[in-house]
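J.: My structure is below; once you've seen it, I'll send some questions.
The values are calculated or read from the model by the stated rules, or taken from the named source; none is laboratory data. Everything quoted here is computed from the prediction, not taken from an experiment. Cβ: placed from backbone, ideal geometry, glycine included. Neighbour counts: every protein chain shown.
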Amino acid sequence: MRTAEIAGAGLAGLALAAGLGRLGWRVVVHEAGEVLRSGGGGLYISHDGLWALNQLEQGEAFRQRSFAPRGFETWINGDLHRAHENDGVFRTALRGQLHGLLVEAARNAGVDIRTGVRVAEVEPTGSLILEDASRRTADLVVGADGVGSGLYAKLGLERHLVVHQDGLIRALHDRRDLPAGRWEASKDFWSYEGVPLRILYSPCSSEHCYLVMMVSAQDTARLTLPTQAELWAPSFPMLSPLLERAPLETRVDRYSTIRLPAWVHGRAVLIGDAAHAMPSSHARGANICLRNAVKLALALGVTDDIDAALAAWEAEMRQPTTDDQKEAEHLAFSRSLHRGLPEIDLDDLVPSNMKPVSIEQG
Ligand SMILES: Cc1cc2nc3c(=O)[nH]c(=O)nc-3n(C[C@H](O)[C@H](O)[C@H](O)COP(=O)(O)OP(=O)(O)OC[C@H]3O[C@@H](n4cnc5c(N)ncnc54)[C@H](O)[C@@H]3O)c2cc1C
């Protein structure tokens with residue numbers, strides 16, 4: 001029986017674990033956290049993520065646990081500038097719902113998930129070394145330790161890391177008392193009257209929404225927790241009911257881009273944000289993590305030659321991933337709030353396959 005040892009029970013590690021488990025591999029996932037969880041409100045899942053979930057036979061379960069916002073609206077200085085229909089292009093979900101689904105999928109595929117176990121090193125010989133110095137060997141060892149990855153360094157890799165200049169707060173809210181109808185669409189609010197600010201409102205279940213509140217990373221007053229409603233609400237009067245109440249969950253973040261010269265090193269592989277983090281200006285990071293993890297499992301399922309499968313997978317996935325990173329970086333940079341008023345190309349703000357609707361209808 002083939003074996004894999006994976007560091008990190010995030011979306012990428014779990015998707016790969018579920019995929020390999022379904023192929024009959026014996027898989028152990030080591031998660032540093034004491035509990036299995038994924039914080040940060042919600043997230044957008046579009047074609048790549050949906051494709052990956054379907055491959056794991058989780059498409060229907062995801063549909064049931066996720067939400068289909070009615071559309072995507074772009075507001076600038078309080079005026080609605082563009083409205084697009086969401087005709088099956090994207091769904092939103094609470095992160096915990098998607099994470100929980102992948103935990104179940106992995107466990108149902110026989111994967112052993114261990115919490116409170118920090119991996120110190122992955123080695124190209126196919127060894128994974130735990131913090132207590134114990135060594136575990138497998139046909140494949142995987143670093144899926146996220147954007148804060150330390151495992152790449154142990155492989156002697158030079159990592160290219162860009163930390164972007166906007167800071168953001170993610171705040172999860174109960175939205176049950178918002179008026180029905182108009183709050184069923186995602187709303188992207190940009191304010192250039194005064195300090196440039198942006199808040200993306202996303203409904204992510206029938207009961208929840210999350211706000212991503214963005215400002216220059218230098219603006220530490222606005223990036224403080226608990227959120228300072230008086231510094232945000234004047235620019236976003238429509239959002240006052242949410243901004244003036246305590247969120248269910250908040251966290252502060254920066255976007256990063258990570259590039260590595262290679263993802264495969266003998267029998268050690270880096271996947272997910274650890275290998276190719278990108279700013280979520282297109283809400284694609286997790287989608288790419290899921291797609292690439294499932295593609296890796298599929299590549300390993302069609303041949304007994306593990307080394308050939310790893311090489312074929314990396315050769316196939318590098319270019320599309322690089323393209324996604326470039327596009328996400330371009331968007332993040334060109335509209336970065338720390339640069340002040342950008343030349344906003346409104347048509348770049350939404351996926352090109354979404355249908356515009358007239359503002360009267362929107
Ligand atoms: C503000 C924001 C909004 C976003 N919105 C979207 C969106 O809408 N759509 C989208 O597609 N993407 C989005 N993303 C990107 C997405 O969140 C990430 O791409 C994705 O979560 C990365 O998954 P991962 O499994 O690689 O890493 P993670 O989810 O970070 O998982 C890594 C796991 O490894 C564990 N770990 C770390 N070190 C070790 C160790 N040494 N040993 C064992 N375990 C370890 C961690 O505890 C964690 O559980 C967003 C990102 C941000 C910052």
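J.: Looking at L300 and the list (1) of a type in the set (A, V, I, L, M); (2) more than 10 Å from the ligand (Cβ to nearest atom); (3) modelled with pLDDT under 95, which single condition is not satisfied?
T.: Failed condition: (3).
J.: Taking the stretch 220-237, which residues are closer than 19 Å to D79 by Cα, hydrophobic (A, V, I, L, M, F, W, C) and out of contact with any Phe, Trp or Tyr (no Cβ under 7 Å at 6 or more places or on another chain)?
T.: The answer is W232, A233.
J.: Return the residues of the stretch 25-48 that are more than 10 Å from the ligand (Cβ to nearest atom), of a type in the set (V, I, T) and within 20 Å of R291 (Cα to Cα); say none if nothing qualifies.
T.: V27 - this is the single residue of the stretch 25-48 that is more than 10 Å from the ligand (Cβ to nearest atom), of a type in the set (V, I, T) and within 20 Å of R291 (Cα to Cα).
J.: Out of all the residues in the stretch 282-297, which are small (G, A, S) and either touching a Leu at 6+ places or on another chain (Cβ under 8 Å) or more than 9 Å from the ligand (Cβ to nearest atom) (or both)?
T.: A283, A286, A293, A297 - these are the residues of the stretch 282-297 that are small (G, A, S) and either touching a Leu at 6+ places or on another chain (Cβ under 8 Å) or more than 9 Å from the ligand (Cβ to nearest atom) (or both).
J.: Do any residues in the stretch 35-56 that are assigned by TED's automatic domain parsing to the domain that holds T250 have Cβ atoms under 8 Å from those of residues that are surrounded by fewer than 24 Cβ atoms within 10 Å (Cβ to Cβ) and in a loop (DSSP other than H, G, I, E, B), where the two are at least six apart or on different chains, and which pairs are they?
T.: none
J.: Answer yes or no as to whether Y255 is within 20 Å of R335 (Cα to Cα), modelled with pLDDT of 95 or more and of a type in the set (S, T, Y).
T.: So Y255 fails the test.
J.: For the stretch 264-281: of the residues being more than 9 Å from the ligand (Cβ to nearest atom) and out of contact with any strand residue (DSSP E or B) (no Cβ under 7 Å at 6 or more places or on another chain), which is modelled with the lowest pLDDT?
T.: S281
J.: Can L140 be described as within 13 Å of the ligand (Cβ to nearest atom) and buried (at least 21 other Cβ atoms within 10 Å of the Cβ)?
T.: Considered against the rule, which asks whether it is within 13 Å of the ligand (Cβ to nearest atom) and buried (at least 21 other Cβ atoms within 10 Å of the Cβ), L140 comes out as no.
J.: If you don't mind, there's one more thing I want to ask. Counting only residues that are under 20 Å from the mean Cα position of the chain (by Cα), farther than 10 Å from A185 by Cα and crowded, with 20+ Cβ neighbours inside 10 Å, how many does the stretch 56-88 have?
T.: Qualifying residue count, the stretch 56-88: 5.
J.: Kindly check whether there is at least one residue in the stretch 253-264 that is outside the structural domain of G10 (by TED's automatic domain parsing) and without any contact (Cβ under 8 Å) to a residue 60 or more places away in the chain.
T.: Scanning the stretch 253-264 turns up no residue that is outside the structural domain of G10 (by TED's automatic domain parsing) and without any contact (Cβ under 8 Å) to a residue 60 or more places away in the chain.
J.: For the stretch 216-263, how many residues are part of a strand (DSSP E or B), surrounded by 19 or more Cβ atoms within 10 Å (Cβ to Cβ) and more than 13 Å from the ligand (Cβ to nearest atom)?
T.: Of the residues in that region, 1 qualify.
J.: In the list R107, R37, R63, R82, which residue meets the criterion of being part of a strand (DSSP E or B) and of a type in the set (K, R)?
T.: Checking each option against the conditions leaves just R82.
J.: I've got another one for you. Return only the number of the condition from (1) in a helix (DSSP H, G or I); (2) within 22 Å of G21 (Cβ to Cβ) that T321 does not satisfy.
T.: Just one mismatch for T321, condition (2).
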